[in-house]
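Worksheet: the structure to be examined is printed underneath.
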Amino acid sequence: GQRLSEWKGMHYASWQPAGAVFALSDSQGNAKIIQRSDLAEKAFKLNASGGEPSDVRRIEWFQEVLSEDEGKKSKWYLLTQHGSRNLAFHDPEAGEAIGNEKAFSDIRMDSNITSVACSPVDNTIAVGTQSGNLTTWFASPSVDERARELFSIGAHRGSVVQDLRFSKDGLTLFSADAPETLQGRKNTGRAFGWLSLDLEKNKEPKVATNE
């Protein structure tokens, strides 16, 4: 195909699911929002606490879904990974982290983050770690500076959660871990499907698995 443009020095990219907009960032937090139609750019900083550039390692689009009955409109934020264990929300219009300095680490994990997925239809985030923890969170950055942990799923413990994906309708979360040897037994990589009916009951879901 035809190459439209080139952005040098960028390490991370993410398409906004709702429109022809994408985000780019380097590891120092130099970010750009780019319109697909005319490649118009808006540059800003993904700042950490105190306004200092941070060690950016991932960017994802997150849609905050609000009740239109109350006159509020849904809004898109950038969810960024800073360092090994922290996630934070950024408003692309302001170019700043949501909340005050203390609230910079909106989501902090006890092990290195290896995968992140944002639901395309609601305010749910799934986070996988190097130790095999898979945790789901509820977030609404304009309402509360802190994300709220919903529950954890233990199927991958002892392995690395390598990938997470929500289905287009947001009803199913897929997770996969990395092939490795665990306690003398070789794991060839596992994939799971988590159904929203079980998630809504706040129980560890039934699982369809292919080992």
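Answer yes or no as to whether SER140 is in contact with a Phe, Trp or Tyr (Cβ under 8 Å, 6 or more places away or on another chain), modelled with pLDDT of 85 or more and hydroxyl-bearing (Ser, Thr, Tyr). No; evaluated as a whole, the condition is false for this residue.
Suppose we filter the stretch 1-28 for residues that are of a type in the set (Gly, Ala, Ser), surrounded by 13 or more Cβ atoms within 10 Å (Cβ to Cβ) and touching a residue at least 40 places away in the same chain (Cβ under 8 Å); how many remain?
Our first condition is that a residue be of a type in the set (Gly, Ala, Ser); within the stretch 1-28, this holds for 1, 5, 9, 13-14, 18-20, 23, 25, 27.
Filter once more, keeping what is surrounded by 13 or more Cβ atoms within 10 Å (Cβ to Cβ): 13-14, 23, 25, 27.
Checking the rest, the ones that are also touching a residue at least 40 places away in the same chain (Cβ under 8 Å) come to 13-14, 23, 25.
Of the residues in that region, 4 qualify.
Count of the stretch 117-147 residues, restricted to those that are over 15 Å from VAL65 (Cα atoms) and within 14 Å of the chain's Cα centre (by Cα), is 8. Tally the residues that are in contact with an Asp or Glu (Cβ under 7 Å, 6 or more places away or on another chain), surrounded by fewer than 12 Cβ atoms within 10 Å (Cβ to Cβ) and closer than 30 Å to VAL121 by Cβ, restricting the search to the stretch 29-51. Looking only at that region, the number is 0. Output yes when any residue across the stretch 150-169 is within 24 Å of ARG58 (Cβ to Cβ), modelled with pLDDT under 80 and buried (at least 17 other Cβ atoms within 10 Å of the Cβ), and no when none is. Yes, the conditions are met somewhere in the stretch 150-169. Annotation note: Cβ proximity below 8 Å between a residue of the stretch 117-141 that is at positive phi and a residue that is in a loop (DSSP other than H, G, I, E, B) and of a type in the set (A, V, I, L, M) (sequence gap 6+ or interchain) occurs for GLY132/VAL160.
The values are calculated or read from the model by the stated rules, or taken from the named source; none is laboratory data. Everything numeric here is computed off the predicted structure, so don't read it as measured data. Because the Cβ atoms are built from the backbone with ideal geometry, glycine has one as well, and the counts that use them run over all protein chains shown.
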